[in-house]
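Report on one structure; see the data block that follows.
The values are calculated or read from the model by the stated rules, or taken from the named source; none is laboratory data. All values reported here derive from a predicted model rather than from experimental measurement. So basically every Cβ, Gly included, is an ideal-geometry build from the backbone, and we count neighbours across all protein chains shown.
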Amino acid sequence: MTSEDQGSTRAGLLFGIGAYGLWGAMPVYFLLMKPAGAFEIVGMRIVFSLVFCLLLLGVTRGFGRFRGVLRDRSAVASFALAGALIWVNWTVYVIASTSGRVVDAALGYFINPIVTILLGVVVLRERLRPVQWVAIGVSALAVVVLAVETGSLPWISLALAASFGFYGLVKKRLGRVDAVSGLTLETAWLVPVAIVQLIVVGTTSGLAWGTAGWFPTLMLTSAGIGTAVPLLLFAASTRRLPLSIVGFLQYVAPILQLAIGVAVLHEPMSSARWTGFALVWAALAILVGESVVRSRPRRAAAVPADSAA
């Protein structure tokens, strides 16, 4: 590996850690917006994300790329679906963050890789290896344990995992579109929904933005930057790192969320709950271990070719 490649890899790691670190710290960010409720936070996040993206397109002279995306009817329709899925994800995540359910949110993002594999089977008709089926079975057992412990399904965790899993599936098919143009189009689709949300909140409980003091107003106004910056860091990371390393980095976010929920917000963790998490971690360890083992023959086979070059 050349010094240039090493520098690119180090930058990719820093960008990736920055992206997932910011995503992991989001519960604290949302709590700083109080007394704003979840629907106001999501509405402001959508509106100010669009404003920030439009400014970013202007600064980077990206409107030409954006107009090209608008001419692609299939992409426009797909981004409408992506927008709907990310609205569900954002709404559930903010509700969890502002109602003392951060640990449930962390569980959802731990489960997400398992859901992604299941979507590959159901939607893309992929065939799973036996070890992957074992991991899915262990994860299903974890959900059962948590359901018995709470008396109901962990709907926040499952909703987050499913919405982000489907969102990733849609975005995978739109890989030709750059991150800023994609986020701009997604949020543009959602702005009418956001306006309705903000009107309803304003006419019922009242908006915190502009009325609850300068700090909550500042936090709500910064929601566009808080949404776009991690996404841009993530895009920069994926351009510099192998997908396998990015896959490892994704666990930074739920680890931080779990730490915030338990150590900072003091959410209750019963023995049954820890058992459920342990089973999910075991399933992830199975997947990661199997992936590492399968990659070794490919790396070994690549050594003679690299040496001969």
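Restricting attention to region 142-149, does a residue exist that is within 22 Å of the chain's Cα centre (by Cα), buried (at least 22 other Cβ atoms within 10 Å of the Cβ) and assigned to a helix (DSSP H, G or I)? Within region 142-149, one or more residues are within 22 Å of the chain's Cα centre (by Cα), buried (at least 22 other Cβ atoms within 10 Å of the Cβ) and assigned to a helix (DSSP H, G or I).
Whenever a residue of region 52-63 is without any contact (Cβ under 8 Å) to a residue 40 or more places away in the chain, its partners that are surrounded by 13 or more Cβ atoms within 10 Å (Cβ to Cβ) and part of a helix (DSSP H, G or I), lying with C-beta atoms within less than 8 angstrom and at least six residues away or across chains, give the pairs Phe63/Leu57. So is Arg176 basic (Lys, Arg) and either closer than 25 Å to Phe66 by Cβ or part of a helix (DSSP H, G or I) (or both) or not? Yes; evaluated as a whole, the condition is true for this residue. Given the structure, is Leu124 assigned to a loop (DSSP other than H, G, I, E, B), among the aliphatic types (A, V, I, L, M) and either within 30 Å of Gly226 (Cα to Cα) or modelled with pLDDT under 80 (or both)? Spelling it out, Leu124 is indeed assigned to a loop (DSSP other than H, G, I, E, B), among the aliphatic types (A, V, I, L, M) and either within 30 Å of Gly226 (Cα to Cα) or modelled with pLDDT under 80 (or both). From the list Ala212, Ala223, Ala159, the lone residue that is under 14 Å from the mean Cα position of the chain (by Cα) and small (Gly, Ala, Ser) is Ala159. Filtering region 186-244 to residues that are assigned to a helix (DSSP H, G or I) and exposed (fewer than 13 other Cβ atoms within 10 Å of the Cβ) leaves Pro192, Val196, Ile199, Thr203, Trp214, Phe215, Leu218, Arg239, Leu243, Ser244.
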